[in-house]
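Only one structure is covered here, and it is reproduced in the block below.
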Amino acid sequence: MNFDRKKYPDTTLRELYGAILKPRMIEEKMLILLRQNKISKWFSGIGQEAISVGITLALDKDEYILPMHRNLGVFTGRDMPFERLFAQWQGTMMGYTKGRDRSFHFGTHEHHIVGMISHLGPQNGVAAGIALASKLKSEQKVTVVFNGDGGTSEGDFHEAINVAAVWDLPIIFIVENNGYGLSTPSHEQFRCKSFADKGIGYGIEGVSIDGNNVLEVFDTVTTLVTDLRKRPRPVLLECRTFRMRGHEEASGTKYVPKETMDDWAKKDPIENYQRFLLDTGVINSQYVELLKNKIKEEIERGLSIAFEETHPAPETDSEVNDVYAPFIQEVVSPSTDKKSEKRYIDAISDGLRQSMERFDNLVLMGQDIAEYGGVFKITEGFVKQFGKERVRNTPICEAAIVGAGLGLSVKGMKSMIEMQFADFVTEGFTQIVNNLAKSHWRWAQNSDVVIRMPTGAGTAAGPFHSQSNEAWFFHTPGLKIVYPSNPYDAKGLICAAIEDPNPVLYFEHKLMYRSIKEPIPDDYYTLEIGKAKLVQDGSQLCIITYGMGVLWAKEILDEMPGVDAAILDLRTLLPWDKESVRELVKKTSKVLVLHEDTLTGGVGAEISAWINEHCFRHLDAPIVRVGSLDTPIPFAPTLEQNFLPKIRLRASIENLLKY
Ligand SMILES: Cc1ncc(C[n+]2csc(CCOP(=O)(O)OP(=O)(O)O)c2C)c(N)n1
């Protein structure tokens, strides 16, 4: 192994040596503890330490790093107290996740680290958001995100690099190429010879280096970051290396040929570097011994503190309360009585524009939302007023953009992401349900992101431009879901959603965009998230509904003048207004739950179950659910109308009344 010290002073070379010893010595200790059954699992980075260490030491301490499961050197390189790190692995309160997540799955602002979730890939989109925030704030900081070679096949990786390339984001995308993804060798994972070659495809620079040579890693990254801080752009950096142990300890390395193992053993990053330092007189054997003893003591001390603590005593309230970032909404009333007639679409646009005026840390992102104004024209004219930095056309990559929303939150910014159609949210599903929804509960990082979801059928747009998919998210703790059914609510709820520091899915029905209008306040105002509205009072039965269901219920009941029925518009689906439901059930004793979404497993199923459990004694009849047919949404208008529940609503009301 060839070490070129260039102009680096002895102090730097020694600092790198001390830093590379730490992860190795911690790991060696962990492997002993694992055999003694004192820890539960271990993902080894032995053989790969030069990468984490060289990179971390080349960065400023306040530059964000997004490491993976083999990057212990990032954590020790940022001087994280050992006892907290060990406590994190043990799942105790002294760790970083209150015992809620394991191993390296945590972030800390103190150390400017955003740890991975188990899913390979999403960290890249988050890195894009952090780098975007740094760039918008002119911080001249670089963000570094790690990937394994296997993980680069994930779409998230491609999407994030593409976004970073188009937006010139200062990110180094690291690929630790260690020859295997779990047990599967590289030739069964990808065809490229070198990851540096992939840079060409993205229109960015690609560099490939010896990842076992800590000096080469440190020097390459030092040079790169110096340049990227001045001239922001992404770089793809491949670090060639080898994982000397199994994917995790239980899985072993039987699939690796012995010669390969022997070859790489000769390239051990620590032994070789130590030999170089000894040979050149930068350190001597006494220095080595003293340093190792010091680190050993530090490890033992950390362990003795961490191991004193046992697993947390469960407190259900605190588990549940941490799902959302704390926020006490102060409902804002309009400051004047001035009103103008607005269509549903104008109301959303109005709320968005006033939110942009109110929050200068709010960024809008979406496909075609800039000069073009979005496919529904909701952001028309916004670029002129707010500029392209805050009203951003995105490449067609929902996952990276939703991830970027979380990255912006990490840097204290707000974002609104427009899905071109709610249907396409599937592409960003992992980011929403696994990253945005869980990050506050896991490590107290809120996701200050609103995702707008143009939804619903009735436009003869077929199975992929018409879906009501709120139930996919309704089941996910950590998300909020709002769904206005009129222009007044549309404006008040979009403003409220943007104020709320939690991730909010804002469903807007496409059919309502230009078909309904009413006078609404000109001023900025918000409505309470989580509060239903009694649209019409009645005593014979109640219809609990939301979105298009509200309009259908009104229309059908208008055609049934003899029926005295109440309509409750939920407006927020998560968390939904149980008290208003309870009151209305008490009063009417007969309940029909209506929604446009398909019936099975819909929001109505949960509401019915809850009423059954909590209000049974007030019921005079079984709860009736009315939803769309359990099929995909058909294109032909005749079939579509047959699919939707409206045609079955009148008969359902009549049957319920007869019961
Ligand atoms: C999206 C996703 N699919 C599958 C897995 C399961 N898994 C965990 S690690 C791993 C192999 C990763 O290989 P690589 O990215 O090369 O990293 P290495 O383990 O070699 O460091 C797999 C398949 C996962 N965590 N996430």
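The values are calculated or read from the model by the stated rules, or taken from the named source; none is laboratory data. Note that the coordinates shown come from a computational prediction; the quantities given were computed from them, not determined experimentally. Heads up, the Cβs are rebuilt from the backbone with ideal geometry, glycines too, and the neighbour counts pull from every protein chain shown.
The table below gives the values:
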| item | result |
| --- | --- |
| Set S468, S439: member being more than 22 Å from Y524 (Cβ to Cβ), in a helix (DSSP H, G or I), of a type in the set (S, T, Y) and more than 16 Å from the ligand (Cβ to nearest atom) | S439 |
| Residue within segment 156-175 that is surrounded by fewer than 22 Cβ atoms within 10 Å (Cβ to Cβ), near the ligand (Cβ under 9 Å from one of its atoms) and within 26 Å of the chain's Cα centre (by Cα) present | no |
| Pairs where the first residue, in segment 222-234, is modelled with pLDDT of 95 or more and the second is of a type in the set (K, R) and buried (at least 21 other Cβ atoms within 10 Å of the Cβ), C-beta under 8 Å, 6+ apart | R229/K141 |
| Lone qualifier among D268, D322 - being closer than 30 Å to L406 by Cβ and of a type in the set (D, E, K, R) | D322 |
| Meets criteria (at pLDDT below 95, part of a loop (DSSP other than H, G, I, E, B) and more than 16 Å from the ligand (Cβ to nearest atom)) for K6 | no |
| Pick from segment 110-138, criterion farther than 21 Å from V175 by Cβ and in contact with a helix residue (DSSP H, G or I) (Cβ under 8 Å, 6 or more places away or on another chain), ranking: surrounded by the most Cβ atoms within 10 Å (Cβ to Cβ) | L132 |
| Odd one out for T184 among (1) within 9 Å of the ligand (Cβ to nearest atom); (2) touching an Asp or Glu at 6+ places or on another chain (Cβ under 7 Å) | (2) |
| Of all residues making up segment 255-275, the number that are under 14 Å from A50 (Cβ atoms) and not in a helix (DSSP H, G or I) | 2 |
| Single match in I529, I556, I543 (criterion: hydrophobic (A, V, I, L, M, F, W, C) and part of a strand (DSSP E or B)) | I543 |
| Residue satisfying all of: in segment 276-314; over 37 Å from the mean Cα position of the chain (by Cα) and outside any helix (DSSP H, G or I); surrounded by the fewest Cβ atoms within 10 Å (Cβ to Cβ) among these | G281 |
| Leading residue by the ranking (surrounded by the most Cβ atoms within 10 Å (Cβ to Cβ)) among those in segment 228-258 that are charged (D, E, K, R) and farther than 25 Å from I32 by Cα | E238 |
| S183 over 17 Å from the mean Cα position of the chain (by Cα), more than 30 Å from P312 (Cα to Cα) and without any contact (Cβ under 8 Å) to a residue 60 or more places away in the chain | no |
| Residues of segment 192-219 satisfying the condition of being away from the ligand (no atom under 15 Å from the Cβ) and either within 16 Å of N162 (Cβ to Cβ) or without any contact (Cβ under 8 Å) to a residue 12 or more places away in the chain (or both) | K193, D197, G199, I200, G201, Y202, G203, I204, E205, G206 |
| Pairs, first over 23 Å from A460 (Cβ atoms) and touching a residue at least 24 places away in the same chain (Cβ under 8 Å) in segment 496-525, second outside any loop (DSSP other than H, G, I, E, B) and polar (S, T, N, Q), C-beta under 7 Å, six or more apart | I498/S355; P519/S340; D522/S340; Y524/Q354 |
| The one condition in (1) in contact (Cβ under 8 Å) with a residue 40 or more places away in the chain; (2) within 21 Å of the chain's Cα centre (by Cα); (3) within 16 Å of the ligand (Cβ to nearest atom); (4) on the phi < 0 side of the Ramachandran plot that T143 fails to fulfil | (3) |
| Residues of segment 355-390 classified as within 18 Å of E508 (Cα to Cα) and among the aliphatic types (A, V, I, L, M), total | 5 |
| Scope segment 21-42; condition farther than 14 Å from P269 by Cβ and within 16 Å of the ligand (Cβ to nearest atom); matching residues | K41, W42 |
| Subset of segment 105-120 that is assigned to a loop (DSSP other than H, G, I, E, B) and touching a strand residue (DSSP E or B) at 6+ places or on another chain (Cβ under 9 Å) - its residue that is nearest to the ligand (Cβ to nearest atom) | L120 |
| Subset of segment 469-511 [surrounded by fewer than 21 Cβ atoms within 10 Å (Cβ to Cβ) and aliphatic (A, V, I, L, M)] | A471, L511 |
| Sole residue being away from the ligand (no atom under 16 Å from the Cβ), surrounded by 24 or more Cβ atoms within 10 Å (Cβ to Cβ) and closer than 21 Å to L215 by Cα, chosen from G18, G45, G77, G73 | G77 |
| Contacts under 6 angstrom Cβ, first residue in segment 108-129 being over 20 Å from G73 (Cβ atoms) and in contact (Cβ under 8 Å) with a residue 40 or more places away in the chain, partner more than 16 Å from the ligand (Cβ to nearest atom) and assigned to a loop (DSSP other than H, G, I, E, B), 6 or more apart | A128/L169 |
| Total residues in segment 518-535, condition charged (D, E, K, R) and over 13 Å from P484 (Cα atoms) | 3 |
